[in-house]
Amino acid sequence: MSAVVRHIGLAGPPSGVALHDGSAVHLRPVAAHDEGALRAFLEGVSPESLRRRFCGATDPGRVAMSLVGGCGAGDAGLVAQAASSTEIVAHAASFRIDAGRAEVAFLVTDVWQGRGLGAVMLSRLVQDAEQRGVSTLVAEVLPGNRAMIAVFERCGYPVAARWDAHGVEVEIDLAARIPVLARAA
């Protein structure tokens with residue numbers, strides 16, 4: 001997998017990131033030796049969080065094996081580890097659909113949700129996608145997963161969301177960054 005995620009900009013040592021609650025994580029590409037740690041991560045996530053990510057029941061062993069070895073040439077995987085340990089607390093991935101589009105997906109363990117980790121990981125995947133010439137990111141989100149939809153809506157790019165009875169299809173236009181307005185002091 002290391003050849004697949006080389007271009008995510010994290011090929012060297014883990015990158016330290018401070019979250020808005022003051023906690024810290026290290027981000028790095030998924031590696032071949034992560035299967036056991038990913039399985040432990042998946043086993044520690046609540047059934048509701050797993051349902052929101054995978055839209056149904058999952059087998060942690062099969063999913064961990066897929067996250068480590070199931071990526072194609074244009075795909076990228078990223079893990080976050082708690083700064084004080086080697087425990088994986090989040091996983092994010094980008095799966096190339098075609099030359100200009102990629103699907104993104106995220107899973108953050110329950111105790112780390114709400115700290116901004118999903119937004120940080122999305123930012124890294126956006127940087128990687130832009131470097132590879134991807135102009136659109138897409139995601140399938142369950143309708144009740146407002147937290148993930150909010151991460152996409154605040155990403156700094158135009159976002160189109162199409163709602164139906166089964167879910168929300170989110171599309172992020174990377175070619176049109178939204179300018180950040182200066183705040184009054």
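Every condition in (1) out of contact with any Cys (no Cβ under 8 Å at 6 or more places or on another chain); (2) surrounded by 14 or more Cβ atoms within 10 Å (Cβ to Cβ) is met by Arg62 except one, and the failing one is (2). For the stretch 145-152, the condition holds for no residue, the condition being that it is assigned to a loop (DSSP other than H, G, I, E, B), small (Gly, Ala, Ser) and modelled with pLDDT under 90.
Inside the stretch 125-150, residues that are under 15 Å from Glu48 (Cβ atoms), aliphatic (A, V, I, L, M) and surrounded by 15 or more Cβ atoms within 10 Å (Cβ to Cβ) make up a count of 3.
Within the stretch 87-124, the residues that satisfy the criterion of being touching a residue at least 60 places away in the same chain (Cβ under 8 Å), closer than 23 Å to Ile178 by Cα and buried (at least 23 other Cβ atoms within 10 Å of the Cβ) are Leu117, Met121. When the stretch 155-174 is limited to residues that are surrounded by 12 or more Cβ atoms within 10 Å (Cβ to Cβ) and in a loop (DSSP other than H, G, I, E, B), the one that is modelled with the lowest pLDDT turns out to be Gly167. Of all the criteria given as (1) closer than 23 Å to Trp163 by Cα; (2) in contact with a helix residue (DSSP H, G or I) (Cβ under 9 Å, 6 or more places away or on another chain), the one not satisfied by Ile97 is (2).
The values are calculated or read from the model by the stated rules, or taken from the named source; none is laboratory data. On a predicted model such as this, the values are computed, not experimentally measured, just so you know. Note: ideal-geometry Cβ built from the backbone for every residue, glycine included; neighbour counts use all protein chains shown.
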